Amino acid sequence: MSDASINASTIREDEASFGDYFALLKPRVMSLVVFTALVGLLAAPVPVHPVIGFCAILFIAIGGGASGALNMWWDADIDRVMKRTKGRPIPSGKVEPGEAMALGLALSAMSVTMLALATNIFAGAFLAFTIFFYVVVYTMWLKRSTPQNIVIGGAAGAFPPVIGWIAATGSMSVEPWLMFALTFMWTPPHFWALALFMRSDYDDAGVPMLTVTHGRPATRKHILFYTAMLALLAVGTAFSDIGGPVYLVVAMVLNALFLHGAWKISRRDEEASEADNFKVERGFFKLSLLYLFLHFGAILAEALLKPYGLGGWG
Amino acid sequence: MSLRKTHELHQRRFGRNLGVALTLVAFIVIVFGLTVVKVTRGDFEPPRGEVQN
């Protein structure tokens with residue numbers, strides 16, 4: 001019997017595996033989306049059925065993954081140039097750009113529809129807006145046209161806790177926007193620290209990152225400014241309905257560390273940074289990951305302690 | 001008849017097909033579970049006024 005499925009002329013040795021398609025969804029970004037959306041959902045003052053809560057988080061995550069696939073489709077040309085991204089499925093030749101676009105569009109439609117059916121139309125509409133914002137406003141428009149790309153684009157990554165809250169309550173209030181602001185203000189220092197030690201990546205790709213357009217010393221000052229604003233916001237959140245003593249302690253410690261890191265970055269010059277291979281900048285970047293995780297973890301802890309009369313300011 | 005060793009590509013395609021199959025099964029389970037919860041909670045019941053009319 002001949003093997004009809006393998007035709008020598010059409011074999012592609014680098015044909016994609018299931019994992020390559022999954023990689024299009026940016027699983028690491030998706031994990032942040034899952035966590036922050038979960039905190040938004042659980043911090044809401046309305047109890048959610050576990051199955052509905054699980055579905056809400058799953059469809060928000062799939063929506064986030066879909067926008068990641070659309071981002072990879074649109075950015076394939078610059079992903080090929082940057083060291084950090086050239087191993088992604090499209091630049092490495094494993095997945096065709098059209099496949100990524102089709103997957104992204106299909107998953108976007110599915111996730112928005114299913115979230116609206118599982119929870120409420122408002123949540124579905126907000127997820128659709130988030131995907132639109134990340135793909136059209138950030139990826140297609142701002143990313144290549146303004147050095148403030150990461151500031152405004154950061155909003156897209158900050159929406160998941162708001163969607164989680166809306167999925168639970170069906171309405172809006174101040175608290176989810178505090179969670180939004182936390183991620184929104186955190187994004188610029190996080191990415192600018194990355195841009196400092198990834199050196200020529202964004203330059204080579206022609207992406208107008210602040211390091212390229214305003215220079216590295218200006219970027220260092222911007223990091224300090226945004227970190228100071230973030231610290232005010234993060235500590236202030238402790239006195240809102242989603243804050244409490246646990247959150248306050250976490251915020252005080254982390255913001256002191258984060259401010260110290262930003263201060264050190266602002267005082268360093270390129271010579272000193274190159275001498276120790278950007279040790280301070282790399283350390284600041286790693287701390288930023290822990291920073292966001294622990295702030296949202298503390299909000300979650302306050303929410304979980306509330307039924308026992310322990311969370312919040314009582 | 002000679003039996004040919006399975007090409008590495010077969011394994012990759014099998015993995016891909018299995019992944020799609022498991023994803024679809026998971027989707028069916030999720031939609032079914034969601035429907036059971038929604039129906040049990042009475043999410044699809046018409047408002048009382050409409051029933052009485």
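What follows is calculated from the coordinates using simple rules that are stated; it is not laboratory data. Here the structure is a predicted model, which is why all the values come from computation and not from measurement. So basically every Cβ, Gly included, is an ideal-geometry build from the backbone, and we count neighbours across all protein chains shown.
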Next item on the list: Sticking with the crude label model, points 7 Å out along Cα→Cβ, report the distance from residue A:279 to residue A:259 in nm, one decimal please.
Entry: 2.5 nm
Notebook entry, point to check: Within chain A, which complete DSSP H helices have Cα atoms spanning at least 20 Å along the helix axis and a mean Kyte-Doolittle hydropathy of -0.5 or higher?
Noted result: A:27-43, A:50-74, A:97-118, A:174-197, A:216-237, A:245-267, A:279-305
Check: What is the Å³ per residue value for the convex hull set by the Cα atoms of the range A:17-172?
Finding: 101 Å³
Checklist line | Gaussian network model of chain A, Cα within-10 Å springs - most flexible of A:29, A:51, A:81 | finding: A:51
Next item on the list: Can you put A:289, A:294 in order of Cβ neighbours within 10 angstrom, beginning with the fewest?
Entry: A:289, A:294
Next item on the list: Let me know the shape class of the range A:134-261, please: from the alpha-carbon gyration tensor, a ≥ b ≥ c as square roots of the eigenvalues, rounded when a/c is under 1.5, otherwise prolate if a/b is greater than b/c, or oblate.
Entry: oblate
Next item on the list: Would you please classify the overall shape of the protein assembly as shown from the alpha carbon gyration tensor, given that a ≥ b ≥ c denote the square roots of the eigenvalues, rounded means a/c under 1.5, and beyond that prolate means a/b larger than b/c while oblate covers the rest?
Entry: oblate
Check: Taking Cα atoms of the range A:256-314, Rg/Rh with Kirkwood Rh, to two decimals?
Finding: 1.27
Next item on the list: Show which lysines lie in cross-link reach of residue A:86 when reach means a straight Cα distance below 25 angstrom and same-chain residues fewer than eight apart are skipped.
Entry: A:26, A:94, A:143, A:279, A:286
Check: Fewest first, what order do A:38, B:34 take by the number of other Cβ atoms within 10 Å?
Finding: B:34, A:38
